[in-house]
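The values are calculated or read from the model by the stated rules, or taken from the named source; none is laboratory data. Fair warning: this is a prediction, and the values are worked out from it, not measured in the lab. Cβ placement follows ideal geometry from the backbone for every residue including glycine, while neighbour counts extend to all protein chains displayed.
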Amino acid sequence: MSLKLINLIFKIGGLFAMSPAKIEKNGLVFPSKAYSLLWIILLSAGISVTAVYRTTSYKTLSTIGLMLQASTDVILFILNISTILVTMTKKYEWNKLIDILKILKNGSEDQNVFWFTPFLATNVVFVIIMIYETYFVIQIIGPDFFNLYAIEYFQLYAQFIVYSMIYSCLKMILESIQNISKAINSLKPNQLNNSPLKKIKSDFGALAQCVEIFNNIFGWLILLLIGFTFFELLTCIQYMIVGKRNTLPAIIFRVMFLTWLMVGTFNSVFICDSVEQKVMNIQLVAYKIVANCTDDREIKEMKKLINAINDNLPHFTAAGFFDLNRKTILGFFNALLTFLIVAIQFENFKVSF
């Protein structure tokens, strides 16, 4: 993953005060507080106007449907505002994170001329999904569609910027772990050099600090992303089960949109899990090297390295509420299934009376 890609994401996100504007030699450039506050005011005003237009459609929803839709709208709004506030208030953390990523990058830059491809491709997918939604929904409700959903396009693109920032930072962390893993695997028992060991210990210390800062910046945002995905998935499923307009275009859009959300949300969780798994593999390799060493000095140095690894294990969390690993996804779907069963039973109970 290239720092150029992070810089590109920052430039686009910086236009909406959703990210630092760009990376420079002397640090990061941030939108001013006045600019950030302006976006908060504009976003709040736009959502307030939209809420007024949506009042009529909200009245047609069932109790469960209204609760799910309101939860989805509120969480998305909080996510957007939180993203702006994180950008505005965590300047030091952002600067430190980028500085550490540069150190772990070892000054080398990706020579791939297509470094922008992942961001470009995901932008194209996002635009296709939004165009498809506009095409079939506008045929149902007419021009009122823009009064109801225009601001949501901006909100969802802001969410996409958050996805992109999280993904690009995590990929750089994962690549750093892979580089450390290569360095560990290149060590040979009884042929250890003190210089590589010091470099590996230094990189692990930097990595631990990087993960801590990452949790500080993105912990709440990841929690909100998971919450939004949860309620949006419930809303779509509930609508497809009890909705009256389950046309093929509507089903296709909901499947496309849910796939987009789940890939964006859970891809980061999988990367967090991959980082932890690779560190565990590095631990095993280090223990094997110690077991095969016969030189007391080298054994002592390797034990210092193992202690450094054990003291700096990466640990990703969603604002401290739960760990980000594969168990997170299992818990997500377990809660989803439970809530869905309750919602269906409530709808059936309501119909019976």
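Just give me the residues in region 295-346 being touching a His at 6+ places or on another chain (Cβ under 8 Å) and either farther than 15 Å from Val211 by Cα or modelled with pLDDT of 90 or more (or both), in sequence order. It would help to see each step written out before you state the result.
We begin by selecting, within region 295-346, every residue touching a His at 6+ places or on another chain (Cβ under 8 Å); these are 323.
Hits for region 295-346: nothing passes.
State yes or no: is Ser176 among the hydroxyl-bearing types (Ser, Thr, Tyr), surrounded by fewer than 17 Cβ atoms within 10 Å (Cβ to Cβ) and modelled with pLDDT under 90?
No; evaluated as a whole, the condition is false for this residue.
Mind listing whichever residues of region 248-292 are over 28 Å from Pro314 (Cα atoms) and either without any contact (Cβ under 8 Å) to a residue 40 or more places away in the chain or among the aromatic types (Phe, Trp, Tyr) (or both)? Those that are over 28 Å from Pro314 (Cα atoms) and either without any contact (Cβ under 8 Å) to a residue 40 or more places away in the chain or among the aromatic types (Phe, Trp, Tyr) (or both): Leu248, Ile251, Phe253, Arg254, Val255, Phe257, Leu258, Thr259.
Residues that are surrounded by fewer than 19 Cβ atoms within 10 Å (Cβ to Cβ) and of a type outside the set (A, V, I, L, M, F, W, C) within region 3-21 comprise Lys4, Asn7, Lys11, listed in sequence order. Figure legend. Inter-residue proximity from region 166-181: first residues farther than 28 Å from Tyr287 by Cβ, second residues of a type in the set (Gly, Ala, Ser), beta-carbon distance below 9 Å, spacing 6+ or different chains. Indicated pairs: Ile166/Gly264; Ile166/Ser268; Tyr167/Gly264; Tyr167/Ser268; Ser168/Ser2.
Regarding Ser71, is this residue crowded, with 20+ Cβ neighbours inside 10 Å and at pLDDT 85 or above?
Details: crowded, with 20+ Cβ neighbours inside 10 Å: no; at pLDDT 85 or above: yes.
The answer is no for Ser71.
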